[in-house]
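A short worksheet on the structure shown next.
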Amino acid sequence: MKYIYAIIFYFLSLSLFAQKNKPALLPKPQQIEWKDGTYKLMVNEIPEKSIQINIVNELPQAKINEDEAYHLTITDNLINIKATTEKGVYWAKQTLKQLLQKDKNGQWYLPCTEIIDYPAFRIRGFMHDVGRSYISIEELKREIDILSQYKINTFHWHLTENQGWRLESKIYPQLNDSINFERFPGKYYTIEDAHEITEYCKQHNMLLIPEIDMPGHSAAFIRAMKTDMQSEKGMEILKNLMNEVCTEVFPDAPYIHIGTDEVEFTNPDFVPEMVKFIRSKGKKVISWNPGWNYAPGEIDMTQMWSYRGKIQKGIPAIDSRFHYINHFDAFADMVALYNSKIANVEQGSDDIAGGIIAIWNDRLIPDEQQNLLQNNFYPTMLAFAERAWVGGGSEYFDKNGTNIPTDKNDPIFKDFVDFENRLLWHKENSFANYPFAYVKQTNIKWRITDAFPNEGDLTKVFPPENKISNKYTYNGKNYNTKDAVGAGIYLRHVWGKTVPAFYSDPKPNHTAYAYTWVWSPKKQKVGLWASTQDYSRSEKDLTPLQGKWDYRESQILLNDKLITPPVWENTHSEKSNEISLKNENFQARKPIDVTLNKGWNKVFLKLPVGQFSTPEIRLQKWMFTFVFVTPDGKNAVPNLIYNPDKKLK
């Protein structure tokens, strides 16, 4: 047995050695060739004077988006950047930062290499709905800073909502009066704040897209101005506001986003007139799709927010379908996002600009760090940063969906493992002070049964509770098992069959069982991240009853002993978006303290479901999250093996 342990630890050490000696570039460059030798540095910074920069007329190696492309060459005595614009130079410098290494003697160096790189899509962005949940200027700048290092180049600033008009107006100060806010009263951005964010975006090579939502999502406007946007008076006020926005607040912004989603249009002239007016101020206009119906030439860009949104030839499109991370779980949904092709194409074009990740906080989360943590913001953004820069992908959320392939030789599995290793390197080295609830999951293997019909009785007992097996017979029918991989497994996705999950045809009123064995090299106290319902930040869903994991009678057992759910901090019975999420999601609470025995430990989950929508939970997430972490929740417990067959390899 000691010999087996020695082999395991040997290969683990080899893996760690390889990670430390090969830069974990994220996103991956389009082309990279490693050379022999190193460029040595005295400290962990690269002096500007050491970099030769050449602005050239063209980079013929760049297949698309040449204005952001770069050619980086590092030899033992030279660092050279070629680019057609300063944008390309900026991205090359971000790659240089990631290439910086330190050897065992403490010597800083850059590995000799040649990189030819360019983005597959010209829009690679993130959106904050600050209309619902105000985020401080300091926090926004912090995000712009860190995300620009991963070649995210767009910040979509959703400034107005039903809950509050978050942008200062000198001509209509009543918009910013606390009395007209439903949430975070009086919290808004001054014109000076807007100028500060504009300048910060410029410094970080990031396009700023301000959004003033119209004519829907405008209850704050109506409260303050006592009129509907689509009325004659409302349009006059809105034109005055947009003149202020275009000339005083965001004079340098090339685009203004006008919303137009989720509203009944009562004035057919409203949208054409507002688009014409904003264009007259020298701005291009973006609109949500579905929203107003445009013909080519009537709008400058559309942003698809629903699966019903369609790309129209002649109108550049931004893909935000299935990119609403306020509905995402921390593990499975990130797999689907990483594997998915933006707009279902390999790379951008005149008609496909790129994609934007969005956070919509209908549900109140007053702490901005919890906002980022529960939305799994940084891990998800890094997955998107790679996909938006590199392009490609294996599907459009419609093949494997949230499922990680179980065959370790599958190219999709290998690709995600490679990304995950690089992601975790950046977690350790760049995100120590950032919310980052992700640990390795490609090593976590499960066996899950076919679902047994429970006829609405969520406590009903089925054969797996008596004995674990690969096959079962119940009421004369055979039930099989199938393997799964991951720390988060959807049995049925929140968006139903639109995004595939473990069951290809999930039915209500069924019970599933999942199990694995976990080998621990010693008896040890560890933490546990576990849940059976990820609480969306856009739902009014009720917290489980005390002593229950959910409203489905789910059970989690370790070595045949029930694991008690946390004590839920929320105990309300009325549904309201204004009752803040607290410790419902595992990221928001301390890991559960458990003890692993030396050797194999049995993990067993009972996972019933009734209806897929109930009075307590509007959109049931038939799912589970399970992974052992360090007691502080910062990392996975090292040297564990998850295997339903009790195999060490």
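In region 197-277, which GluC sites (Glu not before Pro) are in a loop and have at most 12 other Cβ atoms within 10 Å, using DSSP for the loop call? The partial results should precede the final answer.
Details: sites: Glu199, Glu211, Glu232, Glu236, Glu244, Glu248, Glu262, Glu264, Glu273; in loops: Glu262, Glu264.
Passing both the DSSP loop test and the Cβ count: Glu264.
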Of all DSSP beta bridges in the chain, what percent run antiparallel (nearest 5)? 65 percent
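So, with +1 on the Cβ of K and R and -1 on the Cβ of D and E, and no other charges, what is the size of the charge dipole of region 439-642 about its Cα centre, to the nearest 20 debye?
Values: 29 positive and 19 negative charges, 157 e Å.
Value, rounded to 20: 760 debye.
Most exposed first by the Cβ proxy, i.e. fewest other Cβ within 10 Å, how do Phe462, Phe397 rank? Working shown, then result.
Details: Phe462 21, Phe397 24.
In order of increasing Cβ crowding within 10 Å: Phe462, Phe397.
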Please work out whether region 47-187 counts as rounded, prolate or oblate from its C-alpha gyration tensor, where a ≥ b ≥ c are the square roots of the eigenvalues and a/c under 1.5 means rounded, while otherwise a/b larger than b/c means prolate and anything else oblate? prolate
Out of Trp519, Met623, Gly486, whose Cα points farthest toward the positive end of the dipole of region 439-642 (charges: +1 Lys, Arg; -1 Asp, Glu; placed on Cβ)? Trp519
Taking 8 Å as the Cα distance limit and 6 or more residues as the minimum spacing, I'd like the relative contact order of region 23-117 as a percentage. 42 percent
Average Cα contact separation per residue, the chain, under 8 Å, 6 or more apart, as relative contact order %: 11 percent
Fraction of alpha-carbon pairs over 19 Å apart in region 500-618 - percent: 54 percent
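Pairs of alpha-carbon atoms within less than 8 angstrom and 6+ residues apart define the contacts here; what relative contact order does region 405-544 have, in percent? Before the final figure, lay out each step's value.
Numbers: 127 pairs, mean separation 35.1, N = 140.
Relative contact order for region 405-544 comes out at 25 percent.
Would you please classify the overall shape of the chain from the alpha carbon gyration tensor, given that a ≥ b ≥ c denote the square roots of the eigenvalues, rounded means a/c under 1.5, and beyond that prolate means a/b larger than b/c while oblate covers the rest? Before the final figure, lay out each step's value.
On the way: a/c = 1.93, a/b = 1.20, b/c = 1.62.
Oblate, since a/c reaches 1.5 and b/c is not below a/b.
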Set Lys and Arg Cβ to +1 and Asp and Glu Cβ to -1, take the dipole of region 147-293 about its Cα centre, and tell me which of Met242, Ile256, Ile152 lies farthest positive. Ile152
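Cα gyration tensor of region 346-388, axes a ≥ b ≥ c as square roots of the eigenvalues: rounded (a/c below 1.5), prolate (a/b > b/c) or oblate?
On the way: a/c = 5.19, a/b = 2.19, b/c = 2.37.
Note, shape of region 346-388 comes out oblate.
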Cα-centre dipole for region 420-463 with unit charges at Cβ (Lys and Arg positive, Asp and Glu negative), debye to 20: 260 debye
What is the ratio of the Cα radius of gyration of region 107-215 to 2.2 N^0.38 Å, with N the residue count, to two decimals? 1.33
Principal axis box of region 23-117, alpha-carbon based, largest edge first, Å: 41, 25, 20
Ranking His217, Met274, Pro23 by how far each Cα lies towards the positive end of the charge dipole of the chain (+1 on Lys and Arg Cβ, -1 on Asp and Glu Cβ), the top one is Pro23
Diffing region 104-121: the Karplus 3J(HN,Hα) column from phi (6.51, -1.76, 1.60, θ = phi - 60°), in whole Hz with x for Gly and Pro, holds 5, 8, x, 7, 7, 7, 10, x, 5, 7, 10, 10, 10, 9, 6, x, 6, 10
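All of the numbers you see were taken from the coordinates with simple rules; none came from a lab. Predicted model only: the values in this text are computed from it and were never measured. Don't worry about glycine lacking a Cβ; one is built from the backbone with ideal geometry, like all the others, and counts go over all protein chains shown.
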